[in-house]
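Notes to accompany the following structure.
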Amino acid sequence: MFTTPAQFAELQKGQMDAAVALSQTFFDAAERLMELNLAAAKATLEESVEKSQALLSAKDVQEMIALSSGNAQPTLEKAVSYSRTVYGIANGANAEVSRIVEAQIAESNKKVAQLIDFAAKNAPAGSEPAVTAFKSAVAAVNTAYDTFAKATKQAVEMAESNVAAATSATMKAANGASEAVKVAKRK
């Protein structure tokens, strides 16, 4: 497998490239989260000032209650939107990490296959059963990994579906509660 220093250097370069790609993915996700958090903090501060000024300018208790109750729905919608964005950033980073890891595993499998072929060609007579057993073990490990990867992807898809359903149900319930408050105020 590593018959020359150039082959060993090539392997090290591949590992280093993967490490750099993973680092870049994590830094990009952290940067996007930081930008999101700064934007959310700025918007929250501006809205707090506006809402405080509106509450301070209320002429009576009824107007103050109306202003306060009208703030709940937009706040919930913004919280849900923020959560979706955070989830999107995390999900995108996870997909990129998975892509990088899968590429590294594919490359490692290729190198192991080359090593097995090299060992089989240079093995002493009578060692064929050991080489065959080793090939079977490697194939079993690869099959187990593929099964695990598929199960993980299915679990992630199911979790995404459940999050979407829960978000939708929460928004519907909040809208219903908001409408009920409006109807109650009219009476």
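Candidates V20, V49: the one that is farther than 19 Å from N94 by Cβ, of a type in the set (V, I, T) and either touching an Asp or Glu at 6+ places or on another chain (Cβ under 7 Å) or modelled with pLDDT of 85 or more (or both) is V49.
Yes or no, residue by residue, for (1) surrounded by 10 or more Cβ atoms within 10 Å (Cβ to Cβ); (2) touching a Phe, Trp or Tyr at 6+ places or on another chain (Cβ under 9 Å); (3) more than 30 Å from V97 (Cα to Cα):
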residue: D28; (1), (2), (3): yes, no, no
residue: T44; (1), (2), (3): yes, no, yes
residue: K51; (1), (2), (3): yes, no, yes
residue: A54; (1), (2), (3): yes, no, yes
residue: S57; (1), (2), (3): yes, no, yes
residue: D60; (1), (2), (3): no, no, yes
residue: I65; (1), (2), (3): yes, no, yes
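Within the set of pairs 6 or more residues apart or between chains, which connect a residue that is farther than 16 Å from I105 by Cα inside region 121-143 to a residue that is surrounded by 10 or more Cβ atoms within 10 Å (Cβ to Cβ) and not small (G, A, S) with Cβ atoms less than 8 Å apart? Close Cβ pairs (under 8 Å, with a partner that is surrounded by 10 or more Cβ atoms within 10 Å (Cβ to Cβ) and not small (G, A, S)) amount to A123/V131; V131/I116; F134/I116; K135/I116.
Residue-by-condition table, conditions (1) closer than 30 Å to A123 by Cα; (2) assigned to a helix (DSSP H, G or I); (3) among the basic types (K, R):
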residue	(1), (2), (3)
A6	yes, yes, no
L11	yes, yes, no
G14	yes, yes, no
A19	no, yes, no
T25	no, yes, no
R32	no, yes, yes
E50	no, yes, no
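The values are calculated or read from the model by the stated rules, or taken from the named source; none is laboratory data. None of the values given here were measured: they were computed from a predicted structure. Methodologically, a virtual Cβ is constructed for each residue, glycine included, from the backbone with ideal geometry; neighbour enumeration extends over all protein chains shown.
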